[in-house]
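Student: The structure's right below; bear with me while I get my questions together.
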């Protein structure tokens, strides 16, 4: 099992950043790589166990299930059910921590998963930079003061 970890500081209060990412169906509104998303079965997007089905801008389809959601801790975790990535046992967590110096946010996003050994390096870069860091960079632009 490998772990990919990315962190960043966002120049906005944690409550403001959390308001953008809390909606499990809201990826098209704050990531540069998701074209459209829907929650299967008409469930609320904050119901533990709900499944989001989304299409990437490159055409790929991914299904993920919400595992945890905490407004108190500004944290959520999810698993990938189906994707073109070639990963198994994928579980990711996105966590925000208020930074009191300047009213900013420390953002962390990590994932653990299994994959073919020859794909570990490429998937680590693709997920760490192409997904997690790209998401943080997009959030920074959206919440810029």
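What follows is calculated from the coordinates using simple rules that are stated; it is not laboratory data. The structure displayed is predicted, hence computed values, not measured ones. Cβ placement follows ideal geometry from the backbone for every residue including glycine, while neighbour counts extend to all protein chains displayed.
Student: Considering only C-alpha atoms, what is the centroid distance from region 78-116 to region 6-51, in Å?
Tutor: 12
Student: Please work out how much length the chain gains when fully extended from residue 122 to residue 72, using 0.36 nm per residue of separation minus the C-alpha to C-alpha distance, in nm with one decimal. Walk me through the numbers before you get to the answer.
Tutor: Working: separation 50, 0.36 × 50 = 18.00 nm, distance 3.45 nm.
The residue 122-residue 72 span can extend by a further 14.5 nm.
Student: Hey, of (i) 43, 36, 26; (ii) 40, 30, 29; (iii) 44, 32, 29, which did the structure itself give for Cα extents along the principal axes in Å when calculated?
Tutor: (i)
Student: Using 14 Å as the cut-off for backbone N distance, which residues of region 1-31 belong to the label zone defined by a point 7 Å from the Cα of residue 58 along Cα→Cβ?
Tutor: none
Student: Ok, one more. From the Cα gyration tensor of region 8-48, with a ≥ b ≥ c the square roots of its eigenvalues, which class applies: rounded if a/c is under 1.5, or else prolate if a/b is larger than b/c, or else oblate? Walk me through the numbers on the way to the answer.
Tutor: Details: a/c = 3.71, a/b = 1.60, b/c = 2.31.
It is oblate, given that a/c is not under 1.5 and a/b is not larger than b/c.
Student: While we're here: Which order do the peptides 44-51, 92-99 come out in when sorted by mean C-beta neighbours inside 10 angstrom, highest first?
Tutor: Details: 44-51: 14.1, 92-99: 17.6.
The packing order, highest mean first, is 92-99, 44-51.
Student: Using a Gaussian network model on the chain with a 10 Å cutoff between Cα atoms, which of 29, 41, 130 fluctuates the most?
Tutor: 41
Student: Which residue fluctuates most in the GNM of the chain (Cα springs below 10 Å): 22, 104, 119?
Tutor: Evaluated over the chain, the most mobile residue of the options is 119.
Student: Could you tell me which of rounded, prolate or oblate describes region 1-70, using a ≥ b ≥ c as the square roots of the eigenvalues of the alpha-carbon gyration tensor, with rounded for a/c under 1.5 and, failing that, prolate when a/b is larger than b/c and oblate otherwise? Don't jump to the answer; show the numbers that get you there.
Tutor: Values: a/c = 1.43, a/b = 1.25, b/c = 1.15.
Rounded is the answer for region 1-70, as its axis ratio a/c remains below 1.5.
Student: Using a 10 angstrom cutoff on alpha carbons, build the Gaussian network for the chain and name the most mobile of 73, 88, 101.
Tutor: 101
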